[in-house]
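As structure tokens, the structure follows; a few thoughts come after it.
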Amino acid sequence: MHLPRPKKTLWNRALSTRAVALAAAGTLTVGALAACSAGSTTSAASDGSGTTAAEIAATDNAGRSAQDVLAENLSSEETAALADQTWDTADEVAVSLDGDSASVSASASGDGVTVDGSTVTITQPGTYRISGTLDDGQVVVDSSADGVVRLVLDGADVTSSTGAAVDVQDADQVSVVLADGSTNRLEDAEEYADTTSDNAADAALYSTADLAISGGGALDVVGHANDGITGKDGLVIASGSVAVDAADDAVRGKDYLVVSGGTIDVTAGGDGLKSDADDDATVGYVALTGGDVTVDAGSDGVQGFTDVAITDGTLTVTGSEEGIEAATIAVSGGTTDITSTDDGLNATVKEAEDDTATGDTAGDDTAGDTTSDEQQAPEPPADGAMPTGEPPADGEMPQGGGGGAPMDQVVEGASVTITDGTVHLDAEGDGLDSNGVAEISGGDVVVEGPTNGGNGALDVAGDLTVTGGTVLAVGSSGMAQAPTEDSAQAWVALTADATLEAGTDVAVVDADGTEVATITLSKTAQSVVYSGPEITGGETYTLTADGKEVGTAAAGEAPAGGMGGGPGGGQGQPDQSSSTATS
């Protein structure tokens, strides 16, 4: 039987107070769109064991680089090292697949393999080169001994009508190697025969042990019933060309999911990339440290219960509800390009999962924001519609358009930090949304926000601090968010005199006529907020649309509409409301 991983002590990554004072010189503090002031702090409910979701996921990582966040988590190094191991081909066991359940023939030139009809079972550590086609069967790994089970897929095509195509029920570690130049395919059943036993498989490629995928070949995975690839411990994709099409989550590593190389292209009915362990503060994270990843997801593009950390590589989310969601979102390199029907980035502390469901299947998606249903913000007004009710008094919080937290509360442990890299967000909901805080100290960030007045390109419940880099946010003006008056890195918030249409060339122009930031709108917008080293506090800047002046503002002046850059801020009128940007 596969033994569970030793549990790390909670608070191996201790809840920290931020060492860098937010009021220090050189910071830029942005008042929250959804909360004029920090307000009170929410905590998650208990998961029933006396440990709350806040204690597990709500580590204060604000301002920490992705590398620093990962350094405090359960290490993936041992799993990643599997991809670099070499072996003597003379020691390989050859497994040949041929036909369907009536005529399957599996022969092995060594020990460690048994064949029962259409089921090939590997029973001990070693290297197994698998080739041929199994029309209706399974490759099962059931190895209780210490050591690596290495599956070299060399033109292997396995389809199952009863469960997973590759089902690792027990092993110390598993390495799936895609032989150079090979094309491989794994396809599972539409309904599984076993969905109730301990460690019942729920993915076309399923492993109860730490799993690494590497090599110079290609792997296509089709997950009809639930997930495409699932590792119940850690999962590392180091190289190869991997394509996944799954009914639910495409690629899921329970303790962690690390992509360090290769080309990964996933289509998911649920989440694209996911890690959902909720029992330890050091697990439940997704790390992108290299590779080229493309995601088209019905739910979140990338979801981590605790962290999503990006240090390098390319992430392109072509479709999603929320692009990236986790308690901590840290970007310190690479290129991130997200398209979402809801929030682009959403930092929120989620509830621990409901373990009453049997097995480890679609019930994994029951995790939710720590705020209750009655705390959720109301739906935003339709395009062009005014919000109902009386406007708030000066200094009060307008109702609507939040990021999942009560309007006057900051969720402890929720943070977005960007220290380097290129980030582009095209969101129909909020663009950069944190139910806690957000800090930007480097990189280039472009947010093409919503067209309706009930959401904002920037929506941070606490403080958004900027100490470097560039931030260009465009969108509707009704809930526009601007920096505070005491910003060290200056900013300017401009509002056009009318809604600007898609295709308009928009520029922020200084007193000398120099364009300090430009963008071509991909959808309607009225608000433009820009922070960068080119902006000088107190100077007047002009907003132009196709070369024509449509607005002016002094750097540090609160926007006309939306939330201002100091205590209180004003409430503007929601407009009917971007895209190639330069700065």
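Could you check the stretch 173-193 and list, in sequence order, the residues that are of a type in the set (A, V, I, L, M, F, W, C), surrounded by fewer than 24 Cβ atoms within 10 Å (Cβ to Cβ) and in contact with a strand residue (DSSP E or B) (Cβ under 6 Å, 6 or more places away or on another chain)?
The one that is of a type in the set (A, V, I, L, M, F, W, C), surrounded by fewer than 24 Cβ atoms within 10 Å (Cβ to Cβ) and in contact with a strand residue (DSSP E or B) (Cβ under 6 Å, 6 or more places away or on another chain): ALA179.
Can you confirm whether VAL141 is open to solvent by less than 20 Å² (accessible area, probe 1.4 Å), under 23 Å from VAL258 (Cα atoms) and modelled with pLDDT of 95 or more?
Details: open to solvent by less than 20 Å² (accessible area, probe 1.4 Å): yes; under 23 Å from VAL258 (Cα atoms): yes; modelled with pLDDT of 95 or more: yes.
Yes; evaluated as a whole, the condition is true for this residue.
Given the structure, is ALA511 under 15 Å from ALA482 (Cβ atoms) and either within 31 Å of the chain's Cα centre (by Cα) or modelled with pLDDT of 75 or more (or both)? Before the answer, list the steps.
Numbers: under 15 Å from ALA482 (Cβ atoms): no; either within 31 Å of the chain's Cα centre (by Cα) or modelled with pLDDT of 75 or more (or both): yes.
Criteria not met by ALA511.
In the stretch 287-308, how many are touching a helix residue (DSSP H, G or I) at 6+ places or on another chain (Cβ under 7 Å) and assigned to a strand (DSSP E or B)?
Here the count works out to 2.
ASP170: of a type in the set (D, E, K, R), open to solvent by 20 Å² or more (accessible area, probe 1.4 Å) and in contact with a strand residue (DSSP E or B) (Cβ under 7 Å, 6 or more places away or on another chain), yes or no?
It is false that ASP170 is of a type in the set (D, E, K, R), open to solvent by 20 Å² or more (accessible area, probe 1.4 Å) and in contact with a strand residue (DSSP E or B) (Cβ under 7 Å, 6 or more places away or on another chain).
Scan the stretch 291-348 for residues that are closer than 15 Å to GLY421 by Cβ and open to solvent by 10 Å² or more (accessible area, probe 1.4 Å) and jot them down.
GLY291, ASP292, THR311, ASP312, GLY313, THR314, THR316, SER332, GLY334, THR335, ASP337
How many residues, within the stretch 543-556, are closer than 16 Å to THR499 by Cα and assigned to a strand (DSSP E or B)?
Here is the first cut: in the stretch 543-556, the residues closer than 16 Å to THR499 by Cα are 543-552.
The next check asks that each one be assigned to a strand (DSSP E or B); those that pass are 543-545, 548-552.
Summing the residues that are closer than 16 Å to THR499 by Cα and assigned to a strand (DSSP E or B) in the stretch 543-556 gives 8.
Between a residue in the stretch 428-447 that is more than 9 Å from VAL471 (Cα to Cα) and any residue that is among the polar types (S, T, N, Q) and assigned to a loop (DSSP other than H, G, I, E, B), which pairs come within a Cβ distance under 6 Å, given they are 6 or more apart or on different chains?
Pairs that qualify, where the first residue is more than 9 Å from VAL471 (Cα to Cα) and the partner is among the polar types (S, T, N, Q) and assigned to a loop (DSSP other than H, G, I, E, B), are GLU428/THR341; GLY429/ASN455; ASP430/ASN455; ASN435/THR348; SER441/THR467.
Can you name every residue in the stretch 102-124 that is at pLDDT 85 or above and in a strand (DSSP E or B)?
Here is the first cut: in the stretch 102-124, the ones at pLDDT 85 or above are 112-116, 118-124.
Within the stretch 102-124, VAL113, THR114, VAL115, ASP116, THR119, VAL120, THR121, ILE122 meet the criteria.
Which one of the conditions (1) acidic (Asp, Glu); (2) crowded, with 20+ Cβ neighbours inside 10 Å; (3) in contact with a Pro (Cβ under 8 Å, 6 or more places away or on another chain) does ASP146 fail to meet, given that it meets all the rest?
(2)
I'm trying to understand the selection: among the residues of the stretch 263-275, which are in a loop (DSSP other than H, G, I, E, B), surrounded by 24 or more Cβ atoms within 10 Å (Cβ to Cβ) and in contact with a Gly (Cβ under 7 Å, 6 or more places away or on another chain)?
Within the stretch 263-275, just GLY272 meets the criteria.
Restricting attention to the stretch 443-457, and to residues there that are within 20 Å of SER332 (Cβ to Cβ) and in contact with a Leu (Cβ under 8 Å, 6 or more places away or on another chain), which single residue is most open to solvent (accessible area, probe 1.4 Å)?
In this case the residue turns out to be VAL446.
Matching residues to (1) in a loop (DSSP other than H, G, I, E, B); (2) in contact with a Cys (Cβ under 8 Å, 6 or more places away or on another chain); (3) under 17 Å from TYR256 (Cα atoms); (4) open to solvent by 40 Å² or more (accessible area, probe 1.4 Å):
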site: THR195; (1), (2), (3), (4): yes, no, no, yes
site: TYR206; (1), (2), (3), (4): no, no, yes, no
site: ASP220; (1), (2), (3), (4): no, no, no, yes
site: LEU235; (1), (2), (3), (4): no, no, yes, no
site: ALA243; (1), (2), (3), (4): no, no, no, no
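Assess whether VAL437 counts as being modelled with pLDDT under 95 and of a type in the set (A, V, I, L, M, F, W, C).
Yes.
The values are calculated or read from the model by the stated rules, or taken from the named source; none is laboratory data. Note that the structure is a prediction, hence the values are computed from the model and not measured. Heads up, the Cβs are rebuilt from the backbone with ideal geometry, glycines too, and the neighbour counts pull from every protein chain shown. Please note that ligands, DNA and RNA were not included when accessible areas were found on the heavy atoms of the full protein model with its side chains. Shrake-Rupley method; radii C 1.70, N 1.55, O 1.52, S 1.80 Å.
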